[in-house]
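Here the structure is laid out as structure tokens; the discussion comes afterwards.
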């Protein structure tokens, strides 16, 4: 997808992201993000209501997705970079069976996101997307960023880190958060 763009050039990187954002199906930016139940692969339940004061970075993917596989090392770096931040939480909805996900992680390792197995139709109905990977940033219960593309190049990783920091920094400035 990045063919024809030199992502090292800031103006081309911005154009590439703009085009991907415009082509990303899903809930509109500014939408109140739908409530969801979250039980990770280890059986731990997270209450969405308890996460609303955090910046939620959410990834939807599936085992066998080539773009998802291509971005794994960058997602590991992302979660490693922000791992000590209590104001940021990383969640993933994997549209594969728990057994398939666990086999995949046993071979490749996970990428630092808490992961739940979900039905593909549930993702489509609730989040209005079909492409994987899709990345969401949710702040104060509102969708503030959505982009359907693999974050597989260093420039895209830096852009995504900065987007997360933009919203996390806003939270840390506000004394109510």
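The values are calculated or read from the model by the stated rules, or taken from the named source; none is laboratory data. Since this is a predicted model, take the numbers as computed values, not measurements. Ideal geometry is used to build each Cβ from the backbone, glycine not excepted, and the neighbour counts take in all protein chains shown.
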Handout entry: Hits in the stretch 42-64 - residues which are under 15 Å from the mean Cα position of the chain (by Cα) and assigned to a loop (DSSP other than H, G, I, E, B)
Key = 54, 62
Exercise for the section: Scan the stretch 54-75 for residues that are closer than 20 Å to residue 162 by Cβ and touching a strand residue (DSSP E or B) at 6+ places or on another chain (Cβ under 8 Å) and jot them down. Expected result: 54, 55, 56, 57, 58, 59, 75
Exercise for the section: Determine whether the stretch 11-19 contains at least one residue that is farther than 18 Å from residue 94 by Cβ and in contact with a strand residue (DSSP E or B) (Cβ under 8 Å, 6 or more places away or on another chain). Expected result: yes
Exercise for the section: Answer yes if at least one residue in the stretch 152-175 is over 22 Å from residue 22 (Cβ atoms), surrounded by 18 or more Cβ atoms within 10 Å (Cβ to Cβ) and more than 15 Å from the chain's Cα centre (by Cα), and no otherwise. Expected result: no
Fill in the blank from the handout: In the set 92, 80, 106, the lone residue that is within 25 Å of residue 130 (Cα to Cα) and either modelled with pLDDT of 95 or more or surrounded by fewer than 17 Cβ atoms within 10 Å (Cβ to Cβ) (or both) is 92
